[in-house]
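The values are calculated or read from the model by the stated rules, or taken from the named source; none is laboratory data. Remember, it's a predicted structure, so these values are computed and weren't measured experimentally. Please note: Cβ atoms are built from the backbone with ideal geometry, for glycine as well, and neighbour counts cover all protein chains shown. The area values use the complete protein model at the heavy-atom level, side chains included, leaving out ligands, DNA and RNA. Shrake-Rupley method; radii C 1.70, N 1.55, O 1.52, S 1.80 Å.
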Amino acid sequence: MNQTEKNEYKLLYSTSREFSQKVLLPYREENDRYPFAGLDQTVFEKAYSMDFFHLWLPESMGGLEGDIGKLCTVLLNIAEIDASMAMVLLTNAMAQEIMIQAGEMDRLSEIYSRNGSLKYALIAFPSFLNPLEMTPELMAVEKENGVRLSGLSKGMVMGSMAENMIVFARFPEDPDSSCFLIAASQETVRIGDPVISLGLHACPTVDIDFNETPGILIGERGRASEYYGNMYGRLVLAGAAIAAGIMRGSFTDALKYSQSRIQGGKKIAEWSEVQLLLANMALKVRNAEMLIEYAGAKSGKDAIHDSIAASIPVLDHACDVASDGIQILGGYGYMEDYSQEKRYRDAQHLQSLFGISCLKKIQYVKSCYKLA
Amino acid sequence: MLKKTFFPGNADPSGLSFPDMNCNLMAISRQPRAITKEVRKAIKLAREFNETVVRPNALDMDRKIHEDPDYLPWEWVREANRQGFYTMWIPKMFGGKGYSFTSIAYFLEEISTCCVGMANLIGVHYLGFATLIAAWNLALTRRISLEVIKGEKTDTPCLLDFAITEPGSGTDTSEADLADKGNLACHAARENGGYRVNGTKIFISNAHFSTWHLVLGYEDIKKPSDTFLFFAVRKDASGFSLGRKERKMGQKACPASELILRDCFVPDEQVCVDQRQTANLSTSHRDIYQIIFDSICSSSKAGVCSMGAGISRGVYEEVLRFASNTRINGSLMMNLEWVQCRLADMLRNVAVSRLMYAEINFANGMFGLNKMLQIKPLYYLFRYLPIKVVQVLSAPMTRFPVFQKIVRKMQFDWKKREELERTTGWASMAKFTGSDLAVENCRIGLSLMGQTGTRHENRVEKFFRDSKLLQIYEGTNQLNRLEAFKSLIGRNRYDIQMFEDR
Ligand SMILES: Cc1cc2nc3c(=O)[nH]c(=O)nc-3n(C[C@H](O)[C@H](O)[C@H](O)COP(=O)(O)OP(=O)(O)OC[C@H]3O[C@@H](n4cnc5c(N)ncnc54)[C@H](O)[C@@H]3O)c2cc1C
């Protein structure tokens, strides 16, 4: 890494940390109540003004040219405070990457060159649905005046806030699905109520119903799985960075608490069973950081396999760490006033990023070792 | 000191005796067979209640409390009261329906398959009741039981809760060794005719619904286990108030709240047990502290384990449904080996949890809190005689102090140490097994269902949030492991020190 790059990293590191502490933290608890309370837009606007939604874009569009290491740095710092915002940013990057994979640079550039506003910078995407696993419910039909989409696209992250969205839909005659870009502000787009979910509450998700909605085919017909697979390989590590952020936050709070809470006449951090819990957490946090750093620095085909190999265990470990993070705080850890319970939900929710956890594992071994 | 009648000669090389590891076999011929019928009846009642009240409303209730964290689900408490669930496990001698405590675990498992918060709304009441029973204060138990029964008849629920945790003392409270080093603050100053109490209790389940709070206090906060007292405070007592209702991650239907006692006077008639009441016993007050705690927890931890079994089963059933209706790349999930094996794991977890609470039930029936009422002749007498007759027959027991003294002598002075350790050890193991497996099943479930599992309407995410609490209350699972060690592994080894980590 040359000096300029180092400086860039440093700058990203410090701005993302500052954003987390100064902007995200004050709104974290309140925004986690969504959809049972309003979602304060300040954090989104601020993230937008800091160009966080552009991170993954090519340099010509104001981005970092798809630098996974840098993206991971930002997401990890943000997720340490609030994984929801990190997930919002990652969703955007996933949608952008699908367009990049499909060779739709012009369209992408068009989106980002428009009169700038948050709404236009966001691209909704079903981040937790993997078209390689499940056939989308949404159907596409070729009409004289273009493609029309009908049916339900479930779990559209940012679907209630974004002007553009990428969906998967299938032409009845095709074996594989295709990707489409849709403008949200059309009469035939019916945005459902916010989905009530386990975690990542401030990363609003909706089901969207389409009724003969015009959609723009992204890339080529029937190649959604391929684009998705490539996007997955490029961005899977960013999901792990979010998990690592959750872990780091959980560990930091647990450590701090264990050094102040007294039971049995001493700080709980002095009980060896608590020390073991802390040790397991610390090891997993550090392992995650190292794995992300290692895989993030790789390039080529290895990079994809290593990114997947690094990410899957990190997503699992985040669930363990967040659980221990509650445990160390005892009853207090179970309360919404402390952030541990939120991390516990977020970590478990995040495990389904890019699809069903066990299937991702099976898919990994199949693709690495050419199993049938 | 507790009587030590256990000799390593009876034991296998690890120091465990045949009854230690085979409570079930010990119980085969000695426990009344009719308990099985009671269990079936309890399960049937729970299923009916689930179908009409819990399952159709569990998600809405959870959502409602998400939306308004101060909402109190009185409608559920009233319905449970109407169904008679708050008197069902009160012994007939106190006017209740007299179901054996064994059946409550099965009942709670069933309710927990739909909503463990609802199970707690019933279970915690019996935790309060177990405190009365474990302190063996028959007159007070009768008085409070009669109010619960009246509450059932008049459609005004009269619930009990159990309040030991304080802001500065959670884990410390339930172990005398830890309590004595701890930072306990609920002070009860002796006054003419009673105690003047000052202190705060936190995280008290059902507090907002309870008429009677069973509270733990100390005459000398520097010597808590030597000077402890349990007392009952009525919700309308002067100097008593409810503080904040916690905002919990899960089990939202069951509120957990703060109790505030400020110069609250507790008359002697409401003291379940204190130093004065145990002065004539040969067992020290400190040992009685541990006996009472262990007896209460041996009973209530069976309940936590059964709630864990309920959650494990609830998730398992949801995943089964999902796998039967979902296709992965064209194949029905149910037909994929990795799914089949995970479902087998999940079912195993349900079964193991159930076996664990069955074993602690056997232990409690043979050696613990339920022992007396499960002695066959007494059991059948109480079972087949009408409540009124049982009450008349047992009235002298609750009226004349001499009976109270005899019962306490039996329960505290003649209590065999190994029996207490057996029930405590099994209860702790059941508690951490049932709760750990419940969390595990939720995690397996979520890892199988992907984003579908994370959606509220599919129930599994609620189970996941709810299950974590089982690892925390009734002593964290860390403490329960230590208690299992102390009671079953380290008990006869004089080189063992507990809570002396350096
Ligand atoms: C929703 C809810 C409902 C509850 N309901 C009730 C109720 O009805 N009545 C009631 O009285 N209480 C109730 N509780 C309190 C509950 O029993 C306590 O939360 C529990 O005992 C843990 O205590 P704590 O929260 O103070 O944690 P702490 O005791 O502070 O423990 C913090 C961490 O330190 C560890 N630790 C502490 N001491 C040791 C040690 N010696 N060795 C090793 N590790 C140690 C613990 O395992 C834990 O991981 C409830 C709690 C909750 C969250």
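Rolling a 1.4 Å probe across all protein chains gives B:LYS405 an accessible area of roughly 120 Å². Computing FRET efficiency as 1/(1 + (r/R0)^6) for B:MET498 and A:ALA372, where r is the C-beta to C-beta distance and R0 is 45 Å, gives about 0.20. In region B:457-474, the residues that give up 20 Å² or more of accessible area when the other protein chains are added, compared with the chain on its own (1.4 Å probe), are B:GLU461, B:PHE464, B:ARG465, B:LYS468, B:LEU469, B:ILE472.
In the context of the full set of protein chains, the protein assembly as shown has a per residue accessible area of 37 Å² (1.4 Å probe).
Where the only charges are on Cβ atoms (+1 Lys, Arg; -1 Asp, Glu), what is the dipole of region A:3-121 about its Cα centre, to the nearest 20 debye?
Numbers: 11 positive and 18 negative charges, 42 e Å.
Roughly 200 debye for region A:3-121.
Between region B:384-436 and region B:18-84, what's the alpha-carbon centroid distance in Å? Region B:384-436 and region B:18-84 have Cα centres separated by 22 Å.
Just the number, please: buried accessible area between B and A, total of both chains, 1.4 angstrom probe, nearest 100 square angstrom.
Roughly 4600 Å².
Residues of region B:232-253 with an amide N closer than 20 Å to a point placed 7 Å from the Cα of B:ARG196 along the Cα-to-Cβ direction: B:232-234, B:237-241.
Between A:ASP306, A:ASP82, A:ASP106, the GNM of chain A built on Cα springs shorter than 10 angstrom shows A:ASP106 fluctuating the most. Helix A:3-18 and the longest principal axis of the C-alpha atoms of chain A enclose an angle of approximately 80°.
Rounded to the nearest 10 degrees, the inclination of helix A:340-350 to the longest alpha-carbon principal axis of chain A is 30 degrees. Taking all protein chains together and rolling a 1.4 Å probe, B:LEU336 ends up with roughly 40 Å² accessible. In this view, the solvent-accessible surface of A:LYS119, computed with a 1.4 Å probe and all protein chains in place, comes to about 100 Å². For the protein assembly as shown, the spread of Cα positions along the three principal axes, ordered from largest to smallest, is 94, 57, 54 Å.
The accessible-area loss of region A:241-267 on complex formation, taken against its chain alone with a 1.4 Å probe, reaches 50 Å² or more at A:GLN263, A:GLY264.
Does region A:185-225 classify as rounded, prolate or oblate by the C-alpha gyration tensor (a ≥ b ≥ c root eigenvalues; a/c under 1.5 gives rounded; else a/b over b/c gives prolate, otherwise oblate)? Mind showing how you got there, number by number?
Numbers: a/c = 3.24, a/b = 1.50, b/c = 2.16.
It is oblate, given that a/c is not under 1.5 and a/b is not larger than b/c.
If only the Cβ of Lys and Arg carry +1 and only the Cβ of Asp and Glu carry -1, the dipole of the protein assembly as shown around its Cα centre is close to 3800 debye.
Only protein atoms count toward the accessible area here, which uses a 1.4 Å probe; on chain B, the carbon and sulfur part of that area reaches 57 percent. When chain A is treated as a GNM, springs tying every alpha-carbon pair under 10 Å, which of A:GLU187, A:GLU336, A:GLU220 comes out with the largest mean-square fluctuation? Most flexible of the set in this elastic network: A:GLU187. Where only DSSP H runs of four or more residues are counted, chain B gives -17000 deg cm²/dmol as its mean residue ellipticity at 222 nm, each run worth -39500 (n - 2.57). Label-to-label distance for A:ALA279 and B:LYS223 is 3.9 nm, based on points extended 7 Å past Cα in the beta-carbon direction.
Overall, region B:50-163 carries a charge dipole of about 660 debye about its Cα centre when +1 sits on the Cβ of Lys and Arg and -1 on the Cβ of Asp and Glu, all other atoms neutral. In terms of its C-alpha gyration tensor, region B:150-264 comes out oblate, because a/c is 1.5 or above while a/b does not outweigh b/c.
Each other residue within a Cβ distance under 14 Å of B:THR476 adds +1 if Lys or Arg and -1 if Asp or Glu, for a net charge of -2. Across the options B:TYR384, B:ASN361, B:PHE464, the greatest Cα extent toward the positive end of the charge dipole of region B:325-483 (unit charges at beta carbon of Lys, Arg, Asp, Glu) belongs to B:TYR384. Please give the residues of region B:107-129, grouped as numeric ranges, whose backbone N is less than 20 Å from a label point set 7 Å along the Cα-to-Cβ vector of B:ARG40. In region B:107-129, the label zone of B:ARG40 (backbone N under 20 Å from the point 7 Å along Cα→Cβ) covers B:107-111. In region A:3-121, taking the dipole from charged Cβ atoms about the Cα centre, the farthest positive-side position among A:MET99, A:VAL88, A:PRO26 is held by A:PRO26.
Mean-square fluctuations from a GNM of chain A, with a 10 angstrom spring cutoff on Cα atoms, peak among A:HIS349, A:HIS201, A:HIS54 at A:HIS349. For B:LYS415, the lysines whose Cα falls under 21 Å of its own Cα, not counting residues fewer than eight places away in the same chain, are B:LYS3, B:LYS4, B:LYS301, B:LYS371, B:LYS376, B:LYS405, B:LYS486.
Estimated at 0.36 nm per residue, the fully extended path between B:ARG63 and B:VAL402 surpasses their Cα-Cα distance by 116.8 nm. Along the axis of the charge dipole computed for region A:161-256 (Cβ charges of +1 for Lys and Arg, -1 for Asp and Glu, origin at the Cα centre), the listed residues A:PRO204, A:GLY245, A:PRO172 are led at the positive end by A:GLY245.
Could you work out what % of the accessible surface of region A:225-371 is carbon and sulfur, using a 1.4 angstrom probe and leaving DNA, RNA and ligands out of the count?
Details: 3000 of 5250 Å².
Carbon and sulfur together cover 57 percent of it.
For region A:124-220, with all protein chains in place and a probe radius of 1.4 Å, 49% of the accessible heavy-atom surface sits on carbon or sulfur.
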